[in-house]
Amino acid sequence: MTEHVTVRDDDADVIVVGAGPSGSTAAHYLAQAGLDVLLIEKSRFPREKVCGDGLTPRAVKALIALGVDVSEEAGWLRNKGLRVIAGGMRLELDWPELSSYPGYGLVRTRASLDEQLARRAQAAGAKLLEGTTVTGPLLDADGRIVGVQTQAEEKPKARSKSDNTEREHGATVTYRARVVVAADGNSSRLSVAMGLRKRDDRPMGVAVRTYYTSPRHEDDYLESWLDLWDGDRLLPGYGWIFGMGDGTSNVGLGMLNTSDAFGKTDYRELLNRWLRSMPEEWGYTEENRTEPVRGAALPMGFNRTPQYREGLLLAGDAAGMVNPFNGEGIAYAMESGEILARVVAQALARPTRAETERVLRSYPEELQAAYGRYYTLGRIFVELIGRPRLMRYATSRGMNHPQLMRFALKLLANLTDPRDGDASDRIISAMTRLAPASR
Ligand SMILES: Cc1cc2nc3c(=O)[nH]c(=O)nc-3n(C[C@H](O)[C@H](O)[C@H](O)COP(=O)(O)OP(=O)(O)OC[C@H]3O[C@@H](n4cnc5c(N)ncnc54)[C@H](O)[C@@H]3O)c2cc1C
């Protein structure tokens, strides 16, 4: 077994680790700005990612900005809004009519969405390395990241007589760049290796999901369950049913770390109990399940800070950027990827290292300006909904007041017009302005 270790000089201006929505978007805009970009992904596309597969108008806007064809002819399933189910009532709330965001959402499997985004990055000029895991940072004498160490996928070599597959060790290669981006998701081993850990004072969610063949596979609305019942027993958590348009529904549930049941619950069993109370004709039964039940964490409200340190910038889940109000992460991953690319393009165009550094250090401030106060409100919201009685009171009141729920939808999905909006937009802007930043 041979191990090849190669060290190269500057392989790129920027190395982006992870080709999920944040990494591919960052790589796309960096390449578009004329930089040499190396995008390194441990899996190979198409690859699965545990997700609800739901895209709000915020994510649609980010996709359109990237030049993705989001037409129905191109296979995208559109939705008109959110159906909220709570306290035995259901309310269909259309996405708001705004000049800042389109009036529709989308649904797409992550296998397909993420591959499309990675291909967009390639089309813009980024070099994509699939099947290559970043195993650690390459540091200079001052502890600054100047590249990454990688391990290429092991490849089956030959079959031995005992039928054990012999494996050829993948090559170990070190790549160098002026700046490195951690877009490697919730665990972000690269951030951890640079001393950037998750924060205990920020919200965290856990969610599980699977797919069932179902007559409900085509749905004009994303469906959100604010209370889950097993017969007449109220269960902890929140659920969703998103029709995928391909014969299946994506069904899942999640819980926040402000809930007493967080960390003490068998989430798969909880899903079973919730689904037992569903109408039989929807088909959410074991026989119709097409995938295993899989779970993952949702790091929220700047769960990892600072988002820049010693040559490393964080985007998307690596920076804990899921919206605490609604668990949406794809839009924020893509938006942070774009903000990051803008900052890095300016930074690398500065003539001295000191100036480059000054611009890179502005990245956390840019994220603060975009989301800091809104995430502070989100943290308060997460504390409140961790109290089941209060939550039940609020939803039972709200469900009888569609106007109030339309306001809530704008706030929770972060969909407002900053200028020329209506009264609810102005109230949300005022609330956000008054909230302290998320330091
Ligand atoms: C159950 C569940 C349901 C959800 N539902 C929704 C939803 O409906 N809508 C929504 O907007 N958000 C949803 N989210 C959140 C959303 O999935 C994330 O916020 C989003 O995927 C973040 O994108 P990202 O690019 O930052 O990270 P990721 O999508 O996690 O991408 C990280 C990439 O980095 C790669 N990688 C990791 N480590 C390495 C390494 N060492 N070397 C190389 N590559 C590496 C991974 O393979 C992966 O491709 C959900 C999350 C969960 C858990």
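The values are calculated or read from the model by the stated rules, or taken from the named source; none is laboratory data. Bear in mind the structure is a predicted one, so any value in this text is a computation, not a measurement. Ideal geometry is used to build each Cβ from the backbone, glycine not excepted, and the neighbour counts take in all protein chains shown. Surface accessibility is based on the protein's heavy atoms, side chains included, excluding ligands, DNA and RNA. Shrake-Rupley method; radii C 1.70, N 1.55, O 1.52, S 1.80 Å.
Here are the numbers for the structure shown:
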{"item": "Top-ranked residue in segment 306-332 [being under 14 Å from Asn414 (Cβ atoms) and part of a helix (DSSP H, G or I); ranked as most open to solvent (accessible area, probe 1.4 Å)]", "result": "Ile330"}
{"item": "Complete set of residues in segment 244-253 that are open to solvent by 10 Å² or more (accessible area, probe 1.4 Å) and not β-branched (Val, Ile, Thr)", "result": "Met244, Gly245, Asp246, Gly247"}
{"item": "Tally, over segment 28-47, of residues that are part of a helix (DSSP H, G or I) and more than 15 Å from the ligand (Cβ to nearest atom)", "result": "2"}
{"item": "Filtered residues of segment 186-210 (kept if open to solvent by 20 Å² or more (accessible area, probe 1.4 Å) and within 12 Å of the ligand (Cβ to nearest atom))", "result": "Asn186, Ser187, Arg189, Val192, Ala193, Met204, Val206"}
{"item": "Options Ala435, Ala413: the member that is touching a helix residue (DSSP H, G or I) at 6+ places or on another chain (Cβ under 6 Å), small (Gly, Ala, Ser) and under 24 Å from Ser259 (Cα atoms)", "result": "Ala435"}
{"item": "Top-ranked residue of segment 211-226 - restricted to ones that are within 15 Å of the ligand (Cβ to nearest atom) and either of a type outside the set (Phe, Trp, Tyr) or assigned to a loop (DSSP other than H, G, I, E, B) (or both), ranked as surrounded by the fewest Cβ atoms within 10 Å (Cβ to Cβ)", "result": "Asp219"}
{"item": "Test: residue in segment 282-289 that is hydroxyl-bearing (Ser, Thr, Tyr), within 20 Å of the chain's Cα centre (by Cα) and open to solvent by less than 30 Å² (accessible area, probe 1.4 Å)", "result": "no"}
{"item": "Of all residues in segment 227-243 being open to solvent by 20 Å² or more (accessible area, probe 1.4 Å) and under 17 Å from Arg209 (Cβ atoms), the one that is farthest from the chain's Cα centre (by Cα)", "result": "Pro236"}
{"item": "Exclusive hit being open to solvent by less than 20 Å² (accessible area, probe 1.4 Å) and either assigned to a helix (DSSP H, G or I) or modelled with pLDDT of 95 or more (or both), set Ala354, Ala369, Ala297, Ala341", "result": "Ala341"}
{"item": "Gly421 of a type in the set (Gly, Ala, Ser) and at pLDDT 95 or above", "result": "no"}
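Every residue, every condition in (1) more than 15 Å from the ligand (Cβ to nearest atom); (2) in contact with a Gly (Cβ under 6 Å, 6 or more places away or on another chain), yes or no:
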{"position": "Asp13", "(1), (2)": "yes, no"}
{"position": "Thr25", "(1), (2)": "no, yes"}
{"position": "Gly54", "(1), (2)": "no, no"}
{"position": "Ser71", "(1), (2)": "yes, no"}
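Here is a yes/no grid of residues against (1) surrounded by fewer than 20 Cβ atoms within 10 Å (Cβ to Cβ); (2) modelled with pLDDT under 95; (3) within 19 Å of the chain's Cα centre (by Cα):
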position	(1), (2), (3)
Gly20	no, no, yes
Ala26	no, no, yes
Ala31	no, no, no
Gly34	yes, no, no
Phe45	yes, no, yes
Gly52	no, no, yes
Ala65	yes, no, yes
Met89	yes, yes, no
Gly105	no, no, yes
